[in-house]
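Report on the following structure.
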Amino acid sequence: MLDRLALLERLIPIVRDAGDLIMKIYGTDFSVSGKADQSPVTEADQRAEALILPALAALLPGTPIVAEEAVAAGKIPSVGARFWLVDPLDGTKEFISRNGEFTVNIALVEDSQPTIGVVLAPALDRLFAGAVGHGAFIEDANGRRPISVRSAPPEGLTVVASRSHGDATALDIFLAGRKVAELRGAGSSLKICLVAAGEADLYPRLGRTMEWDIAAGHAVLSAAGGRLTRTDDTPLTYGKPDFANPHFVAAGAAA
């Protein structure tokens, strides 16, 4: 039986080391290039992934690792019941614009669902982590403390939406009939974590994402008592042939 909590504690230093490396590059005049799908990639994406992969291989030997930059280079492992999903720098556009809202994301998937996840926003000094069955927590300048989703406030929902991607019309249609108190923009997988931490109630993603973009946040949200599903409320599973996600909704206790 996998000890998820012990594995999570051993995963956090790996994520923090990647975050430290990214921040060193963040302060330099780094170069930006384009991948085959026209999305941007920087030295930080590539070097962080190069740090993470051998560390994960040592942490859980023999477990396949699906990592964004490796997949972009054509290195796609066969996955089974258990595998890692790695996005070494989610929110590359936020990194390039230097707004701080980028993250390191690592998740362990078991039986098509993420069960352990760590999301670090190194520029904001916020780390979100969770293991399903053991709860979720945040580490920041105030130390470590537990987090959980909240019930929807009487004044209405706080909805988070993508800062760099999104369809405003589709979002308006989706939210029709819901009482919304605030609509907030945020970058990268932070949006899922804001729901997990009870700082927001709903994050509808009505656009393309990949499994490595959201798995770590999904694990944190699940551990914090929330749900991430397809827009028709059916489960969103991992290990799909192309690792692409359908539209989804991340929600708190009663959003």
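Shape analysis of the range 19-132 based on the Cα gyration tensor places the equivalent ellipsoid semi-axes at 24, 17, 12 Å, largest first.
Computed from backbone phi with θ = phi - 60° and the Karplus coefficients 6.51, -1.76 and 1.60, the 3J(HN,Hα) list for the range 61-73 is x, x, 7, x, 10, 9, 10, 4, 6, 5, 4, 4, 8 Hz; x is used for glycine and proline. Backbone phi angles across the range 92-109, fed through the Karplus curve with coefficients 6.51, -1.76 and 1.60 (θ = phi - 60°), yield HN-Hα couplings of 4, 5, 5, 4, 5, 7, 6, 9, x, 8, 10, 9, 9, 10, 9, 9, 9, 9 Hz in residue order; Gly and Pro are listed as x. Sequentially through the range 52-58, phi angles give Karplus couplings (6.51, -1.76, 1.60; θ = phi - 60°) of 6, 4, x, 5, 5, 4, 6 Hz, Gly and Pro residues having no value and appearing as x. Proximity of backbone amide H atoms, modeled 1.01 Å from N, is registered between Leu183 and Val159 at under 5 Å, excluding neighbours fewer than 5 places apart on the same chain. Could you tell me the calculated FRET efficiency between Ala58 and Ala244, based on Cβ-Cβ distance and R0 = 41 angstrom, to the nearest 0.05? Calculated value: 0.90. Computed from the Cβ-Cβ distance with R0 of 30 Å, the FRET efficiency linking Asp172 to Val32 stands at 0.40.
Compute the orientation-averaged projected area for the range 157-251 from the convex hull of its Cα atoms and round it to one decimal in nm². Over all viewing directions, the range 157-251 projects a mean Cα-hull area of 5.7 nm². In summary, the convex hull built on the alpha carbon positions of the chain has an orientation-averaged projected area of 13.1 nm².
Dipole check for the range 189-251: with +1 at the C-beta of Lys and Arg, -1 at the C-beta of Asp and Glu, and the Cα centre as origin, the magnitude is about 60 Debye.
What's the carbon and sulfur percent of the chain's accessible surface, probe 1.4 angstrom, rounded to a whole number? Percent of accessible area from carbon and sulfur atoms in the chain: 51.
The values are calculated or read from the model by the stated rules, or taken from the named source; none is laboratory data. Computed from a predicted model, the values in this text were never measured in an experiment. Here Cβ is always computed from backbone atoms with ideal geometry, including for glycine, and neighbour counts include all displayed protein chains. All accessible areas refer to the heavy atoms of the entire protein, side chains included, with ligands and DNA or RNA removed. Shrake-Rupley method; radii C 1.70, N 1.55, O 1.52, S 1.80 Å.
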